[in-house]
Amino acid sequence: MNYPAISGISRIVKGDTLTLSGRIVRLFGVASPDISQTCADNQGRGYRCGQQSISWLSGWLAENVIKCHILGEDKQGVLTGVCMLGPYDIGAAIVNAGWAVADTKQTQIYLNYQNQASQSKRGLWQGKFYMPWDWQKIK
């Protein structure tokens, strides 16, 4: 199936999910902390990393028009796509900032960005956290 690209000003639902043109779009190859997820910072203090992920992405995208190249749609009607802010891949940006991780079950393309974030201790990597898929199992 050939899906069209959609564009507009997005609203962030989660660090890997946004609404655009009335549709829910999940970023391909990226997984972010759940909205309710907590993590530990570099001092061992708990913080709401899921909320922090949303805040970072909201601040970065601001009120700018983005474009999503849709790759597919699930049974619930949620689209999957690669989204861009001008020339910047939004998935790469949030993984590189450390507020999401590479979902290597979908693609290896964001793994280098994750390694950079981990080595620089950015975002989630400043302390300890459960991978988003492990948090889902625990919940």
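The values are calculated or read from the model by the stated rules, or taken from the named source; none is laboratory data. It should be emphasised that the depicted structure is a prediction, and the values quoted were computed from it without experimental measurement. Here the Cβ is made from the backbone with ideal geometry for all residues, glycine too, and neighbour counts use every protein chain on show. Each accessible area value is taken on the protein alone, full model and side chains, heavy atoms only, with ligands, DNA and RNA left out. Shrake-Rupley method; radii C 1.70, N 1.55, O 1.52, S 1.80 Å.
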Other-chain or far-sequence residues with amide H under 5 Å of residue 104's (modelled H): none
Trypsin sites (Lys or Arg not before Pro) within region 59-133: DSSP coil, no more than 11 neighbouring Cβ in 10 Å: 75, 105
Mean-position separation - Cα centroids, region 61-131 and region 1-39, in angstrom: 10 Å
The chain: angle of helix 49-61 to the longest principal axis, Cα-based, in degrees nearest 10: 50 degrees
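Note down the relative contact order for the chain as a percent, whole number, built from C-alpha pairs under 8 angstrom at least six residues apart.
That works out to 28 percent.
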Added length on full extension, which subtracts the Cα-Cα distance from 0.36 nm per residue, residue 106 to residue 62: 13.1 nm
For residue 31, net neighbour charge (Lys/Arg +1, Asp/Glu -1) across residues whose Cβ lies under 12 Å away: -1
Sum of side-chain charges, residue 91 neighbourhood, beta-carbon under 12 Å (Lys, Arg +1; Asp, Glu -1): -2
Vicinal HN-Hα couplings computed from phi for region 97-105 (Karplus, 6.51 cos²θ - 1.76 cosθ + 1.60; Hz; Gly/Pro x): 6, x, 9, 8, 10, 6, 8, 6, 5
Length released on extending from residue 7 to residue 24, taking residue separation times 0.36 nm less the Cα-Cα span: 4.9 nm
Fraction of accessible area attributable to carbon and sulfur, the chain (%, probe 1.4 Å): 50 percent
FRET efficiency estimate (nearest 0.05) - Cβ-Cβ, residue 139 to residue 40, R0 25 angstrom: 0.90
